[in-house]
1. If the requirement is being within 20 Å of Met225 (Cα to Cα) and without any contact (Cβ under 8 Å) to a residue 40 or more places away in the chain, which of these qualifies: Gln134, Gln104, Gln117?
2. Out of Asp317, Asp302, report the one residue that is within 25 Å of Ile216 (Cα to Cα) and open to solvent by less than 50 Å² (accessible area, probe 1.4 Å).
3. Please count how many residues of the stretch 215-241 are at pLDDT below 90, part of a loop (DSSP other than H, G, I, E, B) and within 14 Å of Val200 (Cβ to Cβ).
4. Among the residues of the stretch 148-179, how many are in contact with a strand residue (DSSP E or B) (Cβ under 8 Å, 6 or more places away or on another chain), under 16 Å from Ala116 (Cα atoms) and surrounded by fewer than 24 Cβ atoms within 10 Å (Cβ to Cβ)?
5. I'd like to verify a number: residues in the stretch 67-99 that are touching a residue at least 12 places away in the same chain (Cβ under 8 Å) and under 24 Å from Glu16 (Cβ atoms), how many?
6. State all residues of the stretch 380-389 that are open to solvent by less than 20 Å² (accessible area, probe 1.4 Å) and under 18 Å from Asn207 (Cβ atoms); if no residue qualifies, say none.
7. Tally time: how many residues in the stretch 348-359 are in contact with a helix residue (DSSP H, G or I) (Cβ under 7 Å, 6 or more places away or on another chain) and not β-branched (Val, Ile, Thr)?
8. Would you check if Ser82 is hydroxyl-bearing (Ser, Thr, Tyr), within 26 Å of Ile223 (Cα to Cα) and surrounded by fewer than 19 Cβ atoms within 10 Å (Cβ to Cβ)?
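The values are calculated or read from the model by the stated rules, or taken from the named source; none is laboratory data. None of these values were measured; they are calculated from a predicted model. Because the Cβ atoms are built from the backbone with ideal geometry, glycine has one as well, and the counts that use them run over all protein chains shown. The protein model used for the area step is the full one, side chains on, heavy atoms only, and it has no ligands, DNA or RNA in it. Shrake-Rupley method; radii C 1.70, N 1.55, O 1.52, S 1.80 Å.
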Amino acid sequence: MKILVQKFGGSSLTTEDCRMRAIYHIEKAIDEGYALVVVVSAMGRKGDPYATDTLLQLVRSNGNQLPRREMDMLMHTGEIISATVMCSMLNSRGIKATILTGGQANIVTSDDFTNAQIMSIDPSRILQDLHAGQVVIVPGFQGRTENWEITTLGRGGSDTTATALGVALQAEMVDIFTDVEGIMTADPRIVEEAQPLEMVTYTEICNMAHLGAKVIHPRAVEIAMQANVPIRVRSTFSDDPGTLVTTMLEINKKGYSVQDRVVMGIAHVPNITQIKVANKEGYYDTQLQVFKTMATNNISVDFINVNPLGVAYTVHDEMGPKAARLLTDMGYEPQLLPHCAKVSVIGAGMTGVPGVMARIVEALTQEDIQILQSADSHTTIWVLVHEAEMVRAVRALHQQFNLHAHHM
């Protein structure tokens, strides 16, 4: 039995026409001989009747005092509504379908309500229904604790459900259906010449997702990567195969070379504040004091540079004033630069290749864009710029690395 997992996001389920496109892909997979598990998100976006954000607003406008355990009871219902609608549509077309909630599908999680982690999956009940010829619909984003408390998996949870089930079921593939053609070289709303990518490595798309691209959740990719289960990111509204996410070895087997593609994409994150803290004279434990204080107060830090004179790092804009108050109370004189953006150049092929940073500096210098801070890893180089210059920076780097040309 060859198993395929298909995940349909909220924008793929909003209207009857959208849902019929999802049904089309389900029927096509059945015709191709797959035993099928379908993972669904809540229908639509904020403002649509059954979207998760709409349900949350219902609570906010009625007391706004729902504990996290009870919040999960509310939030998991949007996906169940989607599942029941899809089940009804499939059965009306003669396709046998059944629903297993996250708990019934034996997705066992931690008890961190509203942001639970998957601990284990026993796929036996799903396999039983697949062997009986059923399409198994699993509401995404949810599971249960060992004590059968309902939990949800946090943002991107339906992607995580899909890839975790793909691993547990040893699926041939996980298809993530969305409203775009696949993974692009940059955000097409910013770069009109952005191109769809035919193939990317797990590491590349993890970096893209962590660094601003919103096509798939990085936690979902990391789960698939552990078991080398391929992912395809596809559009619900076309027959295009989309972007295949797999290992560098598999890409090379298909006749491509990641090394020939030094850079595969440009990502960006706006609304960032840079913070610089100088050492107090005679004291050299600034980094310890600063980062312990940030952690104790639940302020996430990024883009960290430590040197003998002090530290520089970034936080989200909304956390800047709080961070400044804490540092001032400690006797420091922090320098804050709000309204910055992190622009990232990503590519598995850049490892060991000289001159990538020089090309980045060249492209930004030609546009008179100031680099405020930089950092790098084997597959990514980050630069911090003023947010007002972010769009120009992304476009300049996209042009510099010829990403507008047809891309694998």
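1. Details: Gln134 fails: within 20 Å of Met225 (Cα to Cα); Gln104 fails: within 20 Å of Met225 (Cα to Cα).
Result: Gln117 is the single residue among Gln134, Gln104, Gln117 that is within 20 Å of Met225 (Cα to Cα) and without any contact (Cβ under 8 Å) to a residue 40 or more places away in the chain.
2. On the way: Asp302 fails: open to solvent by less than 50 Å² (accessible area, probe 1.4 Å).
After applying the criteria, what remains is Asp317.
3. 2
4. Residues in the stretch 148-179 being in contact with a strand residue (DSSP E or B) (Cβ under 8 Å, 6 or more places away or on another chain), under 16 Å from Ala116 (Cα atoms) and surrounded by fewer than 24 Cβ atoms within 10 Å (Cβ to Cβ): 1 in total.
5. Here the count works out to 20.
6. Taking the stretch 380-389 and keeping what is open to solvent by less than 20 Å² (accessible area, probe 1.4 Å), we get 380-381, 383-385.
Hits for the stretch 380-389 are Thr380, Ile381, Val383, Leu384.
7. Of the residues in the stretch 348-359, the ones in contact with a helix residue (DSSP H, G or I) (Cβ under 7 Å, 6 or more places away or on another chain) are 348-350, 356, 359.
Still in the running and not β-branched (Val, Ile, Thr): 348-350, 359.
Residues meeting the conditions: 4.
8. On the way: hydroxyl-bearing (Ser, Thr, Tyr): yes; within 26 Å of Ile223 (Cα to Cα): yes; surrounded by fewer than 19 Cβ atoms within 10 Å (Cβ to Cβ): no.
In short, no.
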